[in-house]
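To keep things clear, I will list the structure first and then write my remarks on it.
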Amino acid sequence: MNKKLVAAALGLAFAAPVFADSSNVTLYGRIHQTLDHQSGETRTGGVTNQAGGSFVVEDASSRLGVRGVEDLGGGLSAIFAYEFGVTTDAVESGAAGEAGPMSTRHAYLGLKGSYGLFVIGSQDGGNDSQAPLYNQASLIGSVSNNGGPLTTVGGGGAIVSNTWAIQRQQRVGNSFGYAGNFGGVQISARHSMQGDNDQSNNTATLVKENDFRATEITATYKVGALTVGGGFANFDQQELNNPLGNGDIERTIQGVASYNFGAFTVAGLVAQNSYEAQNAANGEDSGIEYALSATMPLTANSGLFGMYGSSERYDLNTEARENTQAQIAYYYDFSKRTRTYVGFNRVESEVEASTVGTAGNKTERDNFTIGLRHNF
């Protein structure tokens, strides 16, 4: 009897590799903290008010995730990831005093092969998820990976914002993504079906998301020290009784370029946002935005970064604004995974035209920031 049990055990041991899972799963994350001092100034009706500030500790898009790949054979692989946003600067108490819940940054499942990769789920441009215009615009650079007060391209779920000069919709749910390389041209595309379950636009028995649609595609080409690219996004409202508003962006067209001169790298972005209707304050239905940046290494692991950006914002029906942003920063890399940096960032938003008497009003925000980031 014992011999039979031993034989059976050996048989299972040798047979185990046949059923072994060939997937490769990685746990990873980022802890990103900043010590930030913010001050500001507002001008309303010709009266200027100063807003002081103090140093605060802030989390800058820390995260925890798992990603993996399984070889399916024939050059085809299954790819997947689930990344959470975590708050590392404070404890959010729950009912039992535990830390607050994590938030989804991206979560997707897809296939990858010689044709490129295809994913479905929630996406923000991390790992193999796609955020075409956001990732392409981010070629202008950032010492903080576009996290915290030294952001150069605003992300998240917003399409338009007065927080930064350059804003792109980064994070969406209910989406399909594709990426592939054709003759050295990197293609990235995404289609998202966003919105709430809207009963009024469906039959009594079907309650499905029937709201906002966004389609983006970019093409980027790198040859030697030069990188160039262009992108297009179209935004549409499917909801029958809730079309795009006059201040909503209908289309975005952007172009980017960067060149590494060896001693320093320069990059630029120019884009046009077309709105659903003319702005009542200035009669314009499209706005131009641009950004210029430069990165100058000082040593193998340190350097200087600077950028300037400007954008015309016509998303408010009663106002036409111009947002400008200027930033200078120094970074030092202790290793490939650990970076510290210090920088100053100023964002100004001024009302250039108004139908409600607010022309000339202005807000100014200054941030002096020290950051420490570690990837694991």
request  = Output the number of the condition that THR299 fails; it satisfies all remaining conditions of (1) within 30 Å of ASP236 (Cβ to Cβ); (2) open to solvent by 40 Å² or more (accessible area, probe 1.4 Å).
outcome  = (1)
message = Restricting to the range 315-344, give me the number of residues that are touching a helix residue (DSSP H, G or I) at 6+ places or on another chain (Cβ under 7 Å) and without any contact (Cβ under 8 Å) to a residue 24 or more places away in the chain.
response = 0
request  = Taking ALA165 as meeting all but one of (1) in a loop (DSSP other than H, G, I, E, B); (2) among the aliphatic types (A, V, I, L, M); (3) open to solvent by 30 Å² or more (accessible area, probe 1.4 Å), write down the number of the exception.
outcome  = (3)
ask   = Of the residues that sit in the range 263-289 and are open to solvent by 50 Å² or more (accessible area, probe 1.4 Å) and of a type in the set (Asp, Glu), which one is farthest from ASP236 (Cα to Cα)?
value = GLU284
ask   = Inside the range 330-356, can you point out the residues that are touching a Ser or Thr at 6+ places or on another chain (Cβ under 9 Å) and assigned to a loop (DSSP other than H, G, I, E, B)?
value = PHE334, THR355, VAL356
ask   = Which one is nearest to MET193 (Cα to Cα), of the residues in the range 211-229 that are touching a residue at least 40 places away in the same chain (Cβ under 8 Å) and small (Gly, Ala, Ser)?
value = ALA214
request  = May I ask you to list the residues in the range 317-336 that are under 20 Å from THR295 (Cβ atoms) and open to solvent by 30 Å² or more (accessible area, probe 1.4 Å)?
outcome  = ALA326, ILE328, TYR330, TYR332, ASP333, PHE334, SER335, LYS336
ask   = Before we move on, is THR152 at pLDDT 95 or above, assigned to a loop (DSSP other than H, G, I, E, B) and closer than 18 Å to TYR308 by Cα?
value = yes
query = Are any of the residues in the range 120-133 farther than 30 Å from ALA326 by Cα and over 17 Å from the mean Cα position of the chain (by Cα)?
reply = yes
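The values are calculated or read from the model by the stated rules, or taken from the named source; none is laboratory data. What you are looking at is a predicted structure, and each value in this text was computed from that prediction instead of being measured. FYI the Cβ positions are ideal-geometry reconstructions off the backbone, even for glycines, and counts take in every protein chain you see. Side chains included, ligands, DNA and RNA excluded: accessible areas come from the protein's heavy atoms. Shrake-Rupley method; radii C 1.70, N 1.55, O 1.52, S 1.80 Å.
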